[in-house]
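The numbers here are math on the coordinates, done by the rules we state, and not lab data. Because the structure is predicted, anything quoted here is derived from the model rather than measured. Neighbour counts run over all protein chains shown; Cβ positions are idealised from the backbone, glycine included.
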C-alpha cells in the first residue's frame, strides 16, 4: 500500500484502488499494480467522478471474470500513467475474455455476458460517463489471457 501512497496523489482514486486491493485479497485474487504506474495529475471533479465510476465497474468485472478459476489463476493486473496528454488506465484479467461476436455490443445498455436480471448497465454507464468527460474506454485482448479494458481520459 506504500506504493499507492507514493504513486497516486488523488485521495479518492487511491482509496478506491486500496479498497479493491483489499477486496481482491478477500476473494483470493492476486491483484497487481505495474511498478511503473504513476498518477500525479489533479483531475477536475467531473473527470475524477468518471474515473472512479469506470475503475470501480471495470475492476469489479475483472474480479467476476476470474473468481471461478482455481486460486493460482485468479489474476488481475492494473497499470496507470499520466505521462503525455492523456491519463491511461489498463485493467487486465486472466478470465475467458470477451468472445469476438460480443465485442461490438459489450458497451451497449442492457447487453451482458452474465446470467441474471439487472445486468448490462456497468460498462454502458462507464462508457457514458467517460464520454461525457471527454474520455473513452476500449477493449483489447489481455496479456493475462482474458480481457483488457483501457480507460483513456484527457488532461484538462
key: Value at 222 nm in deg cm²/dmol, rounded to 500, when DSSP H runs of n ≥ 4 in the chain each add -39,500 (n - 2.57)   = -11500 deg cm²/dmol
remark   = The residues 81, 30, sorted from fewest to most surrounding Cβ atoms within 10 Å, come out as 30, 81
request  = Provide 89, 79, 43 in ascending order of the number of other Cβ atoms located within 10 Å of each residue's Cβ, fewest first.
outcome  = 79, 43, 89
remark   = Rounded to the nearest 5, the percent of DSSP beta bridges in the stretch 26-91 running antiparallel is 50
request  = Could you give log10 I(q)/I(0) at q = 0.17, 0.26 Å⁻¹ for the stretch 23-107, computed by the Debye formula over C-alpha point scatterers of equal weight, without solvent?
outcome  = -0.81, -1.26
query = So how far, in whole Å, is the C-alpha centre of the stretch 136-156 from the one of the stretch 62-87?
reply = 10
task = Please tell me the relative contact order of the chain in percent, rounded to the nearest whole number, where contacts are Cα pairs under 8 Å and at least six residues apart.
result = 24
request  = Restricting to the chain, compute how many DSSP beta bridges are antiparallel as a %, nearest 5.
outcome  = 80
inquiry  = What does the extension gain come out to for residue 46 and residue 128, with contour length at 0.36 nm per residue minus their alpha carbon separation?
reply    = 28.3 nm
query = GNM on the chain, C-alpha springs below 10 Å: top fluctuator among 26, 73, 42?
reply = 26
query = Taking Cα pairs under 8 Å and at least six residues apart, what relative contact order does the stretch 18-96 come out at, in percent?
reply = 36
